[in-house]
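Report on the structure given below.
The values are calculated or read from the model by the stated rules, or taken from the named source; none is laboratory data. Keep in mind that this is a model prediction, so the values were computed, not measured. Cβ coordinates were reconstructed from backbone atoms using ideal geometry, including for glycine residues, and neighbour counts include every protein chain displayed. Calculation scope for accessible area: heavy atoms of the full protein, side chains included, ligands and nucleic acids excluded. Shrake-Rupley method; radii C 1.70, N 1.55, O 1.52, S 1.80 Å.
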Amino acid sequence: MATQDDVFKKIVSHAKEYGFVFQSSEIYDGLSAVYDYGQNGVELKNNIKRYWWDAMTLLHENIVGIDSAIFMHPTIWKASGHVDAFNDPLIDNRDSKKRYRADVLIEDHLAKIDEKIDKEVAKARKRFGDSFDEAVFRSTNARVLEYTAKRDAIHERFANALNENNLEELRQIILDCEIVCPISGTRNWTDVRQFNLMFKTEMGSTADGAMTVYLRPETAQGIFVNYLNVQKTGRMRIPFGIAQIGKAFRNEIVARQFIFRMREFEQMEMQFFVRPGSELEWFNKWKEARLRWHKALGLGDEKYRYHDHDKLAHYANAATDIEFEMPFGFKEVEGIHSRTNFDLSQHEKFSGKKIQYFDPELGESYTPYVIETSIGVDRMFLTVLCSSYEEQKLDGGDTRVVLHLPAALAPVKCAVMPLVRKDGLPEKAREIVNELKFDFSTHYDEKDSIGKRYRRQDAIGTPFCITVDHQTLEDNTVTLRHRDSMEQKRVSVDDLHRLIHDEVSINSLLRKLS
Ligand code: GAP
């Protein structure tokens, strides 16, 4: 049986073979943790962004968007804390010379203990069948209790070490847990050190005394520094939000799992400004709203979970991640953070400009508190890709690879195919393409057998194939084939637009949210 590792490798090669994602600079042997999106990838990515943008700005009268520059005044990163504290704790293995994130080594170790517990539960479930009570088993089975106690003890030390920024303790946990380097297999570890993740470059010529500027590591600060501009010109009243989609850059040390952790990536962030004291209520509202957004895609409700943060940043008073079950385990896709008034207060302090809101209802001024929702476009892309990929066995022993993409996100919505390349069928098919192309991304395909053409569209997740045959010329009907069921129905050409639109429009997703 294929392991999850094998499945992930297949997904990565499928993404390349079908024009979704390519390694950056591939003909020069690639650039690590940087990727390019191909002809199908860019469409899928754009559809994800549209779904997010519309969910934020169309469905909320009090959320507006901006597009701020990647380069910003360097003092912004001093104010935000990124210059001093945007670090990862690194550790090297002296034998393999490989560098790791100390926190990730410990998190992986904890995940292994969780896996052992889950295996015990799965074995017991098999043994006891219908009478199995998981909660009772977890709270009474000696082996599970032993693993749980061990896990909790490590977890507590780990959370404390992170909160206290205690690098020696992180190293000690790695030694005490006997964590080995996956390459050398040894425990010959260096000390743990901090490493800043921001990329630097220079602005202006050196003769003028160039200024060091940073490639932004998050889009959020572009929102904070425009808070006053938007509030005043948009006459916004609290509570209100500012949304932004854009590139972010981090010099990730442990870049792995394909587009999960990249050095150049894209974020969709929304900062929601609220009255001080109401932030936890809004935090809970956004936590629920964001999960609803994910679940509306129909990728499987059971694949999501919340993960509340052990280590709260010093400015946050609540934070949670929405995690999705990837082939390599549950992983963070989105963060929801209650950031207090930290960012606006810092910018007020460092810029010397007053950043306050006069609340007409209260008759007083204050620095607004902020709830942030922050999701990576690329991680969302990976979530959609991983949950959609299937190698399906068909009746008669045949197989097909199909991407069950949510129809609204699919790069191509329909493909029109003349059954044969003669008798006026290509012309009729072109006529249909020319009608549909204004509203839907539509492919025309006349090469190879009809079966091969269907497989090609299945592999890129096209929800509908439309076949034009000789009957079409007589009664203006075509066969409409559904990707998932492979069911074919004879429908009138006049009904095509409505039938396709009902299933592929982003509106159908948005309606589930409002
Ligand atoms: N403004 C808050 C912020 O940036 P974060 O948790 O560091 O918070 C938010 O990042 C989201 O950005 C993550 O949940 C993830 O989806 C995405 N992200 C962060 N680093 C990434 C990377 N190196 N590659 C791809 N996506 C990343």
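The set of residues in the range 433-461 that are of a type outside the set (Phe, Trp, Tyr), in contact with a Lys or Arg (Cβ under 6 Å, 6 or more places away or on another chain) and within 18 Å of Leu409 (Cβ to Cβ) comprises Ser441, Asp458.
Would you mind stating whether Leu425 is at pLDDT 95 or above and either surrounded by 21 or more Cβ atoms within 10 Å (Cβ to Cβ) or within 16 Å of the ligand (Cβ to nearest atom) (or both)? It is false that Leu425 is at pLDDT 95 or above and either surrounded by 21 or more Cβ atoms within 10 Å (Cβ to Cβ) or within 16 Å of the ligand (Cβ to nearest atom) (or both). Tell me, which residue of the range 176-230 that is among the small types (Gly, Ala, Ser) and free of Cβ contacts under 8 Å to residues at least 60 places away in the same chain is nearest to His82 (Cα to Cα)? So, considering only residues that are among the small types (Gly, Ala, Ser) and free of Cβ contacts under 8 Å to residues at least 60 places away in the same chain, the one nearest to His82 (Cα to Cα) is Ala210.
Quick grid of which residues meet (1) free of Cβ contacts under 8 Å to residues at least 40 places away in the same chain; (2) open to solvent by less than 80 Å² (accessible area, probe 1.4 Å):
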{"residue": "Lys49", "(1), (2)": "no, yes"}
{"residue": "Ala55", "(1), (2)": "no, yes"}
{"residue": "Pro74", "(1), (2)": "no, yes"}
{"residue": "Val83", "(1), (2)": "no, yes"}
{"residue": "Lys97", "(1), (2)": "yes, no"}
{"residue": "Ala102", "(1), (2)": "no, yes"}
{"residue": "Leu110", "(1), (2)": "no, yes"}
{"residue": "Ala124", "(1), (2)": "yes, yes"}
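Scan the range 60-78 and tell me whether some residue there is over 30 Å from Val225 (Cβ atoms), among the polar types (S, T, N, Q) and assigned to a helix (DSSP H, G or I). Checking the range 60-78: not a single residue is over 30 Å from Val225 (Cβ atoms), among the polar types (S, T, N, Q) and assigned to a helix (DSSP H, G or I). Each residue in the range 491-514 was checked for being open to solvent by 50 Å² or more (accessible area, probe 1.4 Å) and outside any helix (DSSP H, G or I), and 1 pass. Beta carbons closer than 6 Å, at least 6 apart along the sequence or on distinct chains, pair a first residue in the range 398-410 that is touching a residue at least 40 places away in the same chain (Cβ under 8 Å) and under 26 Å from Leu510 (Cβ atoms) with a second that is crowded, with 22+ Cβ neighbours inside 10 Å and among the small types (Gly, Ala, Ser) for Leu403/Gly461; Leu405/Gly461; Ala410/Gly461.
Residues in the range 358-380 that are more than 10 Å from the ligand (Cβ to nearest atom) and open to solvent by less than 10 Å² (accessible area, probe 1.4 Å): Asp359, Pro368, Val370, Ile371. Scanning the range 225-253 for residues that are modelled with pLDDT under 95 and more than 10 Å from the ligand (Cβ to nearest atom) gives a single hit, Ile253. Can you go through Ala79, Ala69 and tell me which one is modelled with pLDDT of 95 or more and under 25 Å from the mean Cα position of the chain (by Cα)? The unique qualifying residue is Ala69.
Okay, residues lined up against (1) in a helix (DSSP H, G or I); (2) within 11 Å of the ligand (Cβ to nearest atom); (3) hydroxyl-bearing (Ser, Thr, Tyr):
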| residue | (1), (2), (3) |
| --- | --- |
| Phe273 | no, no, no |
| Pro276 | no, no, no |
| Leu280 | yes, no, no |
| Asn284 | yes, no, no |
| Leu291 | yes, no, no |
| Glu302 | yes, no, no |
| Ala313 | no, yes, no |
| Glu348 | yes, no, no |
| Lys354 | no, no, no |
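Which numbered condition trips up Glu266, out of (1) touching a Pro at 6+ places or on another chain (Cβ under 9 Å); (2) in contact (Cβ under 8 Å) with a residue 24 or more places away in the chain? That leaves (1) as the condition not met.
Yes or no, residue by residue, for (1) at pLDDT 95 or above; (2) outside any loop (DSSP other than H, G, I, E, B); (3) basic (Lys, Arg); (4) open to solvent by less than 60 Å² (accessible area, probe 1.4 Å):
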{"site": "Val7", "(1), (2), (3), (4)": "no, yes, no, yes"}
{"site": "His14", "(1), (2), (3), (4)": "yes, yes, no, yes"}
{"site": "Asp36", "(1), (2), (3), (4)": "yes, yes, no, no"}
{"site": "Gly41", "(1), (2), (3), (4)": "yes, yes, no, yes"}
{"site": "Lys45", "(1), (2), (3), (4)": "yes, yes, yes, yes"}
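Is it the case that Gly222 is buried (at least 20 other Cβ atoms within 10 Å of the Cβ), more than 9 Å from the ligand (Cβ to nearest atom) and assigned to a helix (DSSP H, G or I)? Let's see the steps before the verdict.
Details: buried (at least 20 other Cβ atoms within 10 Å of the Cβ): yes; more than 9 Å from the ligand (Cβ to nearest atom): yes; assigned to a helix (DSSP H, G or I): yes.
Yes: the conditions hold for Gly222.
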